[in-house]
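Okay, structure first, notes after.
Please treat every number below as a calculation from the coordinates, not as lab data. Only a predicted model underlies this, so the values are computations on that prediction, with no experimental measurement involved. Methodologically, a virtual Cβ is constructed for each residue, glycine included, from the backbone with ideal geometry; neighbour enumeration extends over all protein chains shown.
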There are 2 protein chains.
Amino acid sequence: MKIESPYLMFLGDAQDELAAKTASGIVHWRRDRCFGQIKLPGCNADLSLPDASIMEAVDRGCKTLVIGVANRGGVVPDSWIPTLLHALESGLDIAAGLHQKLDDIEDLSRAAQINGRQLFDVRHPTQTFNVGSGKGRSGKRLLTVGTDCSVGKMYTALALEQAMISENMKCDFRATGQTGIFIANSGVCIDAVVSDFISGATEWLSPKNDDDHWDLIEGQGSLSHPSYAGVTMGLVHGAQPHALVMCHEPTRTHMRGLPHQRMPDLLKCIELHTNAARLTNPECECIGLAVNTSNIENEDKRIECLQNISNLTGLPAVDPVKDGVFELIKNFI
Amino acid sequence: MKIESPYLMFLGDAQDELAAKTASGIVHWRRDRCFGQIKLPGCNADLSLPDASIMEAVDRGCKTLVIGVANRGGVVPDSWIPTLLHALESGLDIAAGLHQKLDDIEDLSRAAQINGRQLFDVRHPTQTFNVGSGKGRSGKRLLTVGTDCSVGKMYTALALEQAMISENMKCDFRATGQTGIFIANSGVCIDAVVSDFISGATEWLSPKNDDDHWDLIEGQGSLSHPSYAGVTMGLVHGAQPHALVMCHEPTRTHMRGLPHQRMPDLLKCIELHTNAARLTNPECECIGLAVNTSNIENEDKRIECLQNISNLTGLPAVDPVKDGVFELIKNFI
């Protein structure tokens, strides 16, 4: 899979910025690949990119229309189809991270074939995987884990990549979700893999490497989340991480999507993930915390929160967005 | 999915009894549904059923040819096709638990259509599932778990069902693997479910029920097995078990299929599974052990082994095949 840039970012009729989360992530981390944005009537999201028509985008060398928006149910509404057909007819490929496959939509599939264009469904793995072996392999690995879903595991892994690159360290970001895959231009949407192959797919994603090379693997879910812990467990075992970074949102009162499910105890959650990781890498340690403090407006309270977490855990605690992640990697340089 | 019996058990060219494990399981637990067996040249397995031709089977009221044999790779070899076509043309449905879908084999798919017959691929879920919610539901649940794969989790769950039925308790065996699905005539092959939906599929499989009803859920893999722990984790969370039975094979020296992976410590393995289960059912307890002692020939040594395990864990330890499982359920009667 090789999605060619520059991208024309398709926002459809996104209700709000959150609906365009994938698109925002791509623009934030790979601005240089994004040529412009295209919206349909009723769209309330904006990526601060130039608006462009399909013809303008093609004329300026754009290669792919990226559907960076998710609507309810993850399907393509009929109202998008004319624009998508026009894109294919004008010479653009289309890439999407939706539950519904573009390739399963007959009009799109036919138009792609007729026009010699490609449809990329990044949520749907195209390769087959082996069952995980648990065998050790060379190279270092860091996995971002979390006390919950949507606490910044992808952001943290990408921030770590950026920090390591700036220190001239050898590293690769390894994507396990759709936004990450667009950013890395490769990866496996791990929650779409058949469950027998979760750890095997992760081993494939992060193969043996130089002894001083770091794979920075994007985590998913949480061992403490009753909906997704299976995905997380396979990912932890397949990653064989030397280091974990625990991602946390300290103001959250219950697990995401589950009002009846309390947030886990932070220390127990670190222990749970570290012990699970030691099954395939006995040397694994949690090296610090990436704390999303965006909901704490007062700067003194924010610093106090990080200090409390650091005191409780005996580990460095930073907000990757506000403080950067240098504290987390300085022992590896 | 409703696979109609009586079954004609197809053994193909099975190399040995182990290759016919699914067929043996069906015959062991549901002898009354099995009319006879049919073999191809070179078959070394036998189910102690009458040999029958397809025409004999049809004449005597057989409804389904069951492919109860797995060959390397889980695919249908060309040498089986003429017999399978003959079965469809003669009025039998075909059911299989192979990785390869019968429905993906064009000759079979066409013949089924022409003859109005059904092809059942029990490994491949036909329904879609929700993401697991972790919300409590009425009814009692028991999940068999294990220190490894292939230590008797299905056998133990079925033995528990039999014991509960003989005590007039309300219960259902809930199948999570292909052999179990043939036996129960329903279920979900949980390792074939997309990983996002493992716990959701398990919740679906074992819905709310009467307060005094027990679901006896067939476990898969082990939280200590680096290849399959993700499957196990989702299953544990989705099952919300009140009770776990830990299945164990005491003579095994390494995890199945992984010569480099040591067997887990028994006490730690019980703790690992119990703690995981308590995320969605805080009352969960491990109530005993089902120990496969088939590799311990000397009866005194066998008894000693069970006694040692019982002393170590403080829990009853039985071999379901030799001792039955009454010890495990007597507190629930």
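Structural remarks
- Translational diffusion of the protein assembly as shown was estimated from the Stokes-Einstein equation, with Rh taken as the Kirkwood radius over Cα pairs; at 4 °C and 1.567 mPa s the coefficient is 48 µm²/s.
- Neighbour-limited loop hits for trypsin sites (Lys or Arg not before Pro), the stretch B:150-241 (at most 16 other Cβ within 10 Å; DSSP other than H, G, I, E, B): B:K208
- When the alpha carbon gyration tensor of the stretch A:208-248 is reduced to an equivalent ellipsoid, its three semi-axes come out at 22, 11, 7 angstrom, largest first.
- Relative to one another, the C-alpha centroids of the stretch B:232-280 and the stretch B:37-89 are positioned 36 Å apart.
- Counting only Cα atoms, the size of the stretch B:46-154 along its three principal axes is 49, 34, 30 Å, in decreasing order.
- Among B:S48, B:S24, B:S224, the largest mean-square fluctuation in a Gaussian network model of chain B, built with springs joining Cα atoms closer than 10 Å, belongs to B:S48.
- Partners for A:K170 among lysines (Cα-Cα distance below 23 Å; same-chain residues under 8 apart left out): A:K2, A:K135, A:K140, A:K153, A:K208, A:K330
- Its relative contact order, with pairs defined as Cα atoms under 8 Å and 6+ residues apart, puts the stretch A:140-332 at 26 percent.
- Trypsin sites (Lys or Arg not before Pro) lying in DSSP loop within the stretch A:226-291, provided at most 16 other Cβ fall within 10 Å: A:R252, A:R278
- Other protein chain C-beta atoms within 10 Å of residue C-beta, averaged over A:183-196: 4.
- Partners for B:K268 among lysines (Cα-Cα distance below 18 Å; same-chain residues under 8 apart left out): A:K268
- The GluC sites (Glu not before Pro) of the stretch B:71-177 that DSSP puts in a loop, and whose beta carbon has at most 13 other beta carbons within 10 Å, are B:E167.
- Based on the reciprocal of the average 1/r between different C-alpha atoms, the Kirkwood radius for the stretch A:107-154 equals 15.7 Å.
- Within the stretch A:1-90, the proportion of C-alpha pairs whose separation exceeds 23 Å stands at 15%.
- Helical contribution to [θ] at 222 nm, DSSP H n ≥ 4, -39,500 (n - 2.57), averaged over chain B, rounded to 500: -9500 deg cm²/dmol
- Dividing the C-alpha radius of gyration of chain B by 2.2 N^0.38 Å, with N its residue count, gives 1.01.
- Where only C-alpha atoms are counted, convex hull volume of the stretch B:167-240 per residue in Å³: 98 Å³
- Measuring how big the stretch A:140-332 is from its alpha-carbon positions, Rg and Dmax come out at 15.5, 47 Å.
- Selection among A:A19, A:M55, A:Q100 by position relative to the dipole of chain A gives A:Q100 as farthest towards the positive end (Cβ unit charges, Cα centre).
- Kirkwood Rh and Cα Rg combined as Rg/Rh, the stretch B:82-240: 1.03
- Cross-link reach list, aspartates and glutamates versus B:K101, counting only Cα pairs under 18 Å and skipping chain neighbours closer than eight places: A:D196, B:D78, B:D93, B:D121, B:D191
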